[in-house]
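Written below as structure tokens is the structure these notes are about.
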Amino acid sequence: MAKLIGQLPNLLTLVRILLVAPMAWAIWLGDFRLALLLLVIAGISDLLDGELARRFNWQSEFGATIDPVADKLLVFTLAVLLTVKGHVPLWLALVVVFRDVVILAGAAFYRMLFGHLDVSPTWISKVNTAVQVVVLGMVLLALCRFGVASDWMQAFVDPWGFVLLGLLAVWSGLDYVITWSRRALRQSRAST
């Protein structure tokens, strides 16, 4: 039973992944309130899985791998659908997606060259992901038409939130490229 309880963080991560499809469908149909509710639930599950894993030492290799995948799937889906629907500028979606493609390609290349890849997000990457979820959530909140709150969100998000997201995506992407290039160089030198 204790072993099963120790899998609770992984279960919460899988629930977050399962919430992506209904959230995407809600955005596609224009039900932004449902999409926002599902995003809030996904965000709470993200906070809970990490806290439970750390507090009770329930970390696992599976959890360390699948948690960032869940985050990327959520952000990617939000960014692409909100762009397709005309609520997020195309340039921002391209920057967000290009950053992740570069990171995934770099990770695959590193693994191909050196074998084991220790997946550990940098602090700026964690900030980037958190800001992506918050700003895209603010876009959803603005679309919910909650009066003054929605108007304020819209005024902040466009352009300031979008610019902030773009800058963080570039910064965190460059941070990954530099960090992993240095590791690859050290690994290459060590193996010769």
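All of the numbers you see were taken from the coordinates with simple rules; none came from a lab. Only a predicted model underlies this, so the values are computations on that prediction, with no experimental measurement involved. Cβ sites come from the backbone with ideal geometry, for glycine too, and all protein chains shown count toward neighbours.
With a Förster radius of 41 Å applied to the beta-carbon distance between Leu113 and Leu29, the computed FRET efficiency rounds to 0.35.
Rounded to the nearest 10 degrees, the angle from helix 123-143 to the longest Cα principal axis of the chain is 20 degrees. Candidate cross-link partners of Lys3 among the lysines, defined by an alpha-carbon separation under 30 Å and a same-chain spacing of 8 or more, comprise Lys72, Lys126.
Per the Cα gyration tensor, the chain maps to an equivalent ellipsoid with semi-axes of 31, 23, 13 Å, ordered largest to smallest. Each residue, Ile5 and Ala105, gets one label point 7 Å from its Cα in the Cβ direction; the gap between the two is 4.7 nm. Note on Asn57/Phe156: beta-carbon distance plugged into 1/(1 + (r/R0)^6) with R0 of 30 Å gives a FRET efficiency of 0.15. When only alpha carbons are used to place a centre, the stretch 66-102 and the stretch 106-176 end up 9 Å from one another.
Estimated purely from DSSP H runs of n ≥ 4, each contributing -39500 (n - 2.57), the mean residue ellipticity at 222 nm for the chain is -28500 deg cm²/dmol once divided by its residues. Rounded to the nearest 10 degrees, the angle from helix 8-29 to the longest Cα principal axis of the chain is 40 degrees. Compared with the dominant Cα axis of the chain, that is its longest principal axis, helix 90-114 is turned about 20°.
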